[in-house]
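Read the structure below first, then the notes.
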Amino acid sequence: MFATEVQHKYFTEEHELFRQSIRTFIQKEVTPHINQWEEERRIPKSVWKKMGDMGFLGLSYPEEYGGADLDFFYDVVFNEEIGKTNSGGFTITQQVVQYMSGPYILKYGSESLKKKYLPGLISGDIISCIGITEPGAGSDAQNVQTKAVPEGDYYIVNGAKTFITNGYYGDIVVTVVKTPTEDGNWTVSLLVIDLESAGISRRKLKKLGWHASDTAELNFDNVKVPKENLIGQEGKGFHYLMNGLQLERLCFIPASVSTMEFALDSALTYMSERKAFGRTINKFQVLRHRLAQMASEVEALKAFSYYCCQLYNQNIYDVKLCSMAKLLCTEMHERIATQCLQFFGGYGFMEEYPMARMYRDVRVGTIGGGSSEIMREIISKMIIDDVKYQKANDNVRYNGSVANKNITPFTDEHEMFRKTLKDFLDKEVNPYIDEWEKAGECPKSIYQKFGEMGLFGLDFSEKFGGSDADIWHMVILHEELSKVNSGGFAAAMGAHFFLAMVHINGEGNEEQKQKYLPEGIKGNLIGCLAITEPFGGSDVKALRTTAVKDGDHYIINGSKTFITNGVNSDYIVAACKTAPELGAQGVSMIIIERDRPGVSATQLNKLGWRASDTGEIAFDNVRVPVSNLLGIENMGFYYIMEHFVSERLSLAIGSVAKSEFAMEATLQYMSERKAFGRSIDKFQVLRHRMAQMSAEIEMNKQFIYALYERFEKGDYLVKEASMAKLLATQLADKVTFDCLQMFGGYGFMEDYPLARMWRDSRLGQIGGGTSEILCEIIAKMMIEGKGYKTETPKH
């Protein structure tokens, strides 16, 4: 069910052939034996040799050492497929070899070291491990106590390492040691140490999870290590580690995502079979919505992980994004394992079922490769203190990669448009926002200025005065409107061009387009979209506003509520029942001019969005020409559904932009506000909270960008757009709430920006489909396979 929904951008046919090959191998040579290996606490070396013989190891290593010299997305496929084994111990064993220890030899080792060890790592004959952690030092690698003292042609190594995966049955360990300097200090270096060397003792550790892998404590007692086993230069070890840890963190992610997908698929299967109270438990809404929430989070993480892998594939060194991805991935994996075990009930607690093992295995994720706390520390240093982490030169390029290639969807032309838009907003909008918030509406003149700038015409044909701009101009417009600190202003502009005009452009005939689009693009004729009623919101079939034919007119009666631009707009695009007996299939879209007799509106008093006029509209025997019908009679439900994808994507990217804006304002405040003798951006608990939010914002942004790329190509995205809107509006609620907290008492004051942001953000989870409705849609598509197709049905 989680096949390749965001994969097509990154994977070629060759990647997928490789995927099928390794999947077949795992199904034959690995899956049947996993339980045995888990019980024996050991994986036989023969399986690695078979993988080596098949060419599954050393995928991105040079051919001269036995590798395949392939791009990094072959490694992504490799990790995704081994992750589906649901054995953290099996997965981590080769991850340690291929991504956590071997790369130090490849990138920084001498040619003799490479020739000595790399062919064996790639063939599966040599199992390596990485020795960083000590009884008294974990992520703080500069404080390791293992010493390597030069003596003739050797180093004499003394010390201990612990929690070393592959340490008990492995062959070599890439060891972090302290070497002396000429001035009497100690500096970090890396050595390759043969684990059969005299003076090494190993003690196998008993673990909570990862049972198939061996984990050891290593002790070094006067161990002689040839000097040629030094990796790179003395004293450079810490720099090498900081560079290599990004790959270590990155390889966790595709494997973890595929394991999460395995968990959700297993839960879905179990829930479709398990009955309680006379029905299968996949019919219980509380469980369905929980599944929908988790599936949305996994889909977002998957898109973010591919983006990070693409950066790595192009030799772009981004410590912040890798740290964010690792933080979010491992913590999400814990939540998914916990919740999916819950779906299994008592069976989830049994070792014969898959969730018990996963629950145990995932617990180390937030610890290994840098704990979640360390990830937040790194991120906070980069976003608050502007710390830069430079990449150590390794002279390694993946096959076909281009260093520092820009993979943002925005071109220079897009960024010029963004700057022009921001300058316009700074001059014509931001100085007047407080005034419009108090007035409860935006003046007609600002619509006209928007029109003069061409902003209403981006998505429309030049034939009507638009510019036929690509979708990324629209994305920028949504982002920058959302960074004006007024949800009401953004809503007023959007309700006109992105709701009302879009329906006319999509379903209107030529005469209707000529009448409404040119003047709408100029900002002279303002529209609104009216669907929601006092007794019907997302439930379209419950609408009560009727349009009864009377000759060449409709007689319209009913009311609409919560309508943005509902008081001052010039026309209304209204959803009306033209065939009430057909339910949702009896809805039509009709243009109703504001000045028609029988149309009245009352402005509503809102929690937020105060710069927009939101109204309740009443229709009392309003006569409207049949020529005002948009599209085909009784097709309104399908038109609404068709436009929901773009609407939800716009609400999603707007919510993310709002979250970014809240973060920026809060970081500025924290740098200036002092407490207990220092600025509050120095308090770790606040720094880590900001780091967490920053990571979640970045993940959601890259997810939505990936969806826009697919939307631009015409992909069917009802489920994914619902996921994006669900997550992004939840995020905006959370971010504005937490950022208001950072402001303390000032956050509660209307003179400061967060009070308005927090009020405005609350509508995000309601408008455009509530979070509950979105969970319902996602669950139906996941569980029942409901498609929500928008093709015109046959009449």
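If the Cβ limit is 9 Å and pairs must be 6+ apart or interchain, which residue in segment 669-687 that is of a type in the set (Asp, Glu) pairs with which residue that is assigned to a loop (DSSP other than H, G, I, E, B)?
Close Cβ pairs satisfying both conditions: Asp681/Asp385; Asp681/Arg673.
Quick one: Lys115 ticks every box in (1) surrounded by fewer than 19 Cβ atoms within 10 Å (Cβ to Cβ); (2) within 25 Å of Lys207 (Cα to Cα) except a single one, so which number is it?
(2)
Being of a type in the set (Phe, Trp, Tyr) and surrounded by fewer than 12 Cβ atoms within 10 Å (Cβ to Cβ) is the filter here, so list the residues in segment 664-680 that pass it. Outline the logic, then answer.
Here is the first cut: in segment 664-680, the ones of a type in the set (Phe, Trp, Tyr) are 669, 676.
Once the filter is applied, which keeps residues that are of a type in the set (Phe, Trp, Tyr) and surrounded by fewer than 12 Cβ atoms within 10 Å (Cβ to Cβ), segment 664-680 yields only Phe676.
Residues of segment 454-482 being within 16 Å of His414 (Cβ to Cβ) and either part of a loop (DSSP other than H, G, I, E, B) or not hydrophobic (A, V, I, L, M, F, W, C) (or both), which ones? Don't jump to the end; show me each part of the working.
At the first step, the residues of segment 454-482 found to be within 16 Å of His414 (Cβ to Cβ) are 454-455, 458-459, 467-481.
Hits for segment 454-482 are Gly454, Leu455, Leu458, Asp459, Ser467, Asp468, Ala469, Asp470, His473, His478, Glu479, Glu480.
Exactly one of these conditions fails for Ile653: (1) aliphatic (A, V, I, L, M); (2) crowded, with 21+ Cβ neighbours inside 10 Å; (3) not in a helix (DSSP H, G or I). Give me its number.
Just one mismatch for Ile653, condition (3).
What number of residues within segment 433-449 satisfy the criterion of being over 18 Å from Asn485 (Cβ atoms) and either touching a residue at least 24 places away in the same chain (Cβ under 8 Å) or touching a Lys or Arg at 6+ places or on another chain (Cβ under 7 Å) (or both)?
Within segment 433-449, residues that are over 18 Å from Asn485 (Cβ atoms) and either touching a residue at least 24 places away in the same chain (Cβ under 8 Å) or touching a Lys or Arg at 6+ places or on another chain (Cβ under 7 Å) (or both) number 4.
Consider only pairs whose beta carbons are under 7 Å apart and that are at least six residues apart or on different chains; among these, list those whose first residue lies in segment 764-780 and is over 11 Å from Val718 (Cβ atoms) and whose second residue is open to solvent by 20 Å² or more (accessible area, probe 1.4 Å) and acidic (Asp, Glu).
From segment 764-780, the pairs are Gly764/Asp733; Gln765/Asp733; Gly768/Glu647.
Report every pair of residues separated by at least 6 positions or lying on different chains whose Cβ atoms are under 7 Å apart, first residue within segment 125-136 and over 14 Å from Ile105 (Cβ atoms), second open to solvent by less than 30 Å² (accessible area, probe 1.4 Å) and among the polar types (S, T, N, Q).
Thr133/Thr162; Glu134/Thr146; Glu134/Thr162; Pro135/Thr162
Residues that are open to solvent by 40 Å² or more (accessible area, probe 1.4 Å): find the helices (runs of 4 or more DSSP H) completely inside segment 1-85 holding 3 or more of those.
13-29, 34-40, 45-53
Which condition does Glu642 not pass, out of (1) in contact with a Leu (Cβ under 7 Å, 6 or more places away or on another chain); (2) at pLDDT below 95, if it passes all the others?
(1)
Scan segment 681-693 for residues that are open to solvent by 20 Å² or more (accessible area, probe 1.4 Å) and under 16 Å from the mean Cα position of the chain (by Cα) and report the count.
Filtering segment 681-693 for residues open to solvent by 20 Å² or more (accessible area, probe 1.4 Å) gives 682-686, 688-689, 692.
From the residues that got through so far, the ones that are under 16 Å from the mean Cα position of the chain (by Cα) too are 692.
Looking only at that region, the number is 1.
Does at least one position in segment 591-605 carry a residue that is more than 14 Å from Ala547 (Cα to Cα), touching a residue at least 40 places away in the same chain (Cβ under 8 Å), surrounded by fewer than 20 Cβ atoms within 10 Å (Cβ to Cβ) and not hydroxyl-bearing (Ser, Thr, Tyr)?
Checked segment 591-605: at least one residue is more than 14 Å from Ala547 (Cα to Cα), touching a residue at least 40 places away in the same chain (Cβ under 8 Å), surrounded by fewer than 20 Cβ atoms within 10 Å (Cβ to Cβ) and not hydroxyl-bearing (Ser, Thr, Tyr).
Which pairs have Cβ atoms under 8 Å, sit 6 or more apart or on different chains, and link a residue in segment 236-252 that is more than 13 Å from Lys107 (Cβ to Cβ) to one that is at pLDDT 90 or above and of a type in the set (Lys, Arg)?
Arg249/Lys326; Leu250/Lys326; Phe252/Lys326
Which of the following residues is out of contact with any Lys or Arg (no Cβ under 7 Å at 6 or more places or on another chain), modelled with pLDDT of 95 or more and surrounded by fewer than 16 Cβ atoms within 10 Å (Cβ to Cβ): Lys560, Lys549, Lys513?
Step by step, each of Lys560, Lys549, Lys513 is checked, and only Lys549 is out of contact with any Lys or Arg (no Cβ under 7 Å at 6 or more places or on another chain), modelled with pLDDT of 95 or more and surrounded by fewer than 16 Cβ atoms within 10 Å (Cβ to Cβ).
Hey, among Ser588, Ser538, which residue is surrounded by fewer than 19 Cβ atoms within 10 Å (Cβ to Cβ) and touching a helix residue (DSSP H, G or I) at 6+ places or on another chain (Cβ under 6 Å)?
Ser538
Please verify whether Gln765 is closer than 29 Å to Met324 by Cα, surrounded by fewer than 17 Cβ atoms within 10 Å (Cβ to Cβ) and among the polar types (S, T, N, Q), treating the condition exactly as stated.
no
Does segment 595-625 hold any residues that are under 19 Å from Ala492 (Cα atoms) and in contact with a Cys (Cβ under 9 Å, 6 or more places away or on another chain), and which are they?
Ala611, Ser612, Asp613, Gly615, Ile617
Quick one: Asp751 ticks every box in (1) part of a helix (DSSP H, G or I); (2) open to solvent by 30 Å² or more (accessible area, probe 1.4 Å); (3) over 29 Å from Cys528 (Cα atoms); (4) not β-branched (Val, Ile, Thr) bar one, so which box is it?
(1)
Among the acidic types (Asp, Glu), touching a helix residue (DSSP H, G or I) at 6+ places or on another chain (Cβ under 9 Å), open to solvent by 30 Å² or more (accessible area, probe 1.4 Å) and modelled with pLDDT under 95: is that true of Glu772 in this structure?
Answer is no for this residue.
Quickly run through segment 402-441 and pick out the residues that are hydrophobic (A, V, I, L, M, F, W, C) and modelled with pLDDT under 95.
Hits for segment 402-441 are Val402, Ala403, Ile407.
Out of (1) under 22 Å from Leu727 (Cα atoms); (2) open to solvent by 10 Å² or more (accessible area, probe 1.4 Å); (3) aliphatic (A, V, I, L, M), the odd one out for Ala276 is which?
(1)
Just the residues that are within 22 Å of Ala356 (Cα to Cα) and under 26 Å from the mean Cα position of the chain (by Cα), please, taken from segment 45-98.
Residues satisfying the conditions are Asn79, Glu80, Glu81, Ile82, Gly83, Lys84, Thr85, Asn86, Ser87, Gly88, Thr91, Ile92.
What are the pairs, 6+ residues apart or on separate chains, where a residue within segment 87-110 that is surrounded by fewer than 24 Cβ atoms within 10 Å (Cβ to Cβ) has its Cβ under 8 Å from a residue that is at pLDDT 95 or above and among the acidic types (Asp, Glu)?
Correct list of pairs: Tyr99/Asp75; Ser110/Glu228.
Hey, among the residues in segment 705-735 that are free of Cβ contacts under 8 Å to residues at least 60 places away in the same chain and either under 22 Å from Met690 (Cα atoms) or touching a Phe, Trp or Tyr at 6+ places or on another chain (Cβ under 8 Å) (or both), which one's surrounded by the fewest Cβ atoms within 10 Å (Cβ to Cβ)?
Lys734
Give the number of residues within segment 369-400 that are modelled with pLDDT under 90, at negative phi and not hydroxyl-bearing (Ser, Thr, Tyr).
9
The values are calculated or read from the model by the stated rules, or taken from the named source; none is laboratory data. All values derive from a computational prediction rather than experimental measurement. Neighbour counts are summed over all protein chains in view; Cβ atoms, including those assigned to glycine, are modelled from backbone coordinates with ideal geometry. Keep in mind that these areas ignore ligands, DNA and RNA; they rest on the heavy atoms of the full protein, side chains included. Shrake-Rupley method; radii C 1.70, N 1.55, O 1.52, S 1.80 Å.
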